[in-house]
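Colleague: Sharing a structure here in structure tokens format.
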Amino acid sequence: MYDELTEVDIKKMQDEIDERKAKNAALRENIRAARELGDLSENDEYRSAKREFGRNNSRIRYLENMIRTAVVIKADSPSGVVGLFDTVELYYEDDDETSEIRLVTTLRNDVLSGNISKESPLGKAIMGRRVGERVFVKVSDRVGYYVVIKSIKKGEDDSSLPISAF
């Protein structure tokens with residue numbers, strides 16, 4: 001399995017890894033200081049410090065693995081076609097509503113902010129489509145809905161978009 005990520009995604013992940021590795025010395029010191037408080041079987045500070053150290057290292061391993069297995073992609077699509085980092089106005093037929101979404105890589109997915117992964121059912125359905133097209137979004141074998149692409153604003157890889165902390 002691999003993730004399709006942009007160079008900006010990889011740079012942001014490497015920056016986070018560097019920050020977390022720098023933080024490890026302080027976390028180790030917290031563990032040492034908590035250990036000195038006495039009986040480890042009833043030492044909540046010690047358990048908490050170890051848990052935080054473990055979470056930090058787990059996130060480092062996760063990010064390093066994502067970088068190691070990533071396939072680097074570019075955010076370039078022809079004019080008039082939905083592509084990565086484009087803002088798309090959609091009309092949802094069932095709800096008789098419109099909304100704007102932005103297609104992003106899975107690493108920057110944030111549904112509440114309108115940043116939708118290109119790997120999501122909606123992202124997959126509209127990627128490569130044009131204004132005016134009616135597209136069926138298949139959520140599962142039993143559930144789906146139609147959207148109409150109303151407009152496309154071309155975007156570019158924006159380094160201000162944060163990476164997810166999942």
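Colleague: If you take the residues in region 100-118 that are without any contact (Cβ under 8 Å) to a residue 24 or more places away in the chain and not small (Gly, Ala, Ser), which one is farthest from Val147 (Cα to Cα)? Before you say what the answer is, go through the steps one by one.
Modeller: In the first step, residues of region 100-118 are kept if they are without any contact (Cβ under 8 Å) to a residue 24 or more places away in the chain; the result is 100-101, 111-114, 116-117.
Subsequent filtering for residues that are not small (Gly, Ala, Ser) retains 100-101, 111-112, 116.
Values: Glu100: 12, Ile101: 12, Val111: 17, Leu112: 19, Ile116: 15 Å.
Per the stated criteria, the residue is Leu112.
Colleague: Is at least one residue of region 5-18 farther than 16 Å from Leu107 by Cβ, touching a Lys or Arg at 6+ places or on another chain (Cβ under 6 Å) and outside the structural domain of Thr105 (by TED's automatic domain parsing)?
Modeller: Residues of region 5-18 farther than 16 Å from Leu107 by Cβ: 18.
If we keep only those that are touching a Lys or Arg at 6+ places or on another chain (Cβ under 6 Å) too, we end up with none.
No: zero hits.
Colleague: Quick check: anything in region 69-77 within 17 Å of Glu133 (Cβ to Cβ) and not small (Gly, Ala, Ser)? Even if it seems obvious, please write down each step before you answer.
Modeller: Keep residues of region 69-77 that are within 17 Å of Glu133 (Cβ to Cβ), which gives 77.
Of the ones still in play, those that are also not small (Gly, Ala, Ser) are none.
No; the residues of region 69-77 include none that is within 17 Å of Glu133 (Cβ to Cβ) and not small (Gly, Ala, Ser).
Colleague: May I pose another question? More than 22 Å from Val8 (Cβ to Cβ) and free of Cβ contacts under 8 Å to residues at least 12 places away in the same chain: which single residue out of Arg130, Arg142 fits that description?
Modeller: Numbers: Arg130 fails: free of Cβ contacts under 8 Å to residues at least 12 places away in the same chain.
That would be Arg142, the only listed residue that is more than 22 Å from Val8 (Cβ to Cβ) and free of Cβ contacts under 8 Å to residues at least 12 places away in the same chain.
Colleague: Something else: Consider region 1-38. How many of its residues are in contact (Cβ under 8 Å) with a residue 60 or more places away in the chain, acidic (Asp, Glu) and outside any helix (DSSP H, G or I)?
Modeller: Selection size over region 1-38: 2.
Colleague: Of all residues in region 66-112, how many are under 12 Å from Gly123 (Cβ atoms) and more than 20 Å from the chain's Cα centre (by Cα)?
Modeller: The number of residues fulfilling the criteria is 1.
Colleague: Continuing with the same structure: Determine whether region 140-149 contains at least one residue that is touching a helix residue (DSSP H, G or I) at 6+ places or on another chain (Cβ under 6 Å) and surrounded by fewer than 18 Cβ atoms within 10 Å (Cβ to Cβ).
Modeller: Among the residues of region 140-149, not one is touching a helix residue (DSSP H, G or I) at 6+ places or on another chain (Cβ under 6 Å) and surrounded by fewer than 18 Cβ atoms within 10 Å (Cβ to Cβ), which makes the answer no.
The values are calculated or read from the model by the stated rules, or taken from the named source; none is laboratory data. Because the structure is a prediction, the values reported are computed rather than measured. Please note: Cβ atoms are built from the backbone with ideal geometry, for glycine as well, and neighbour counts cover all protein chains shown.
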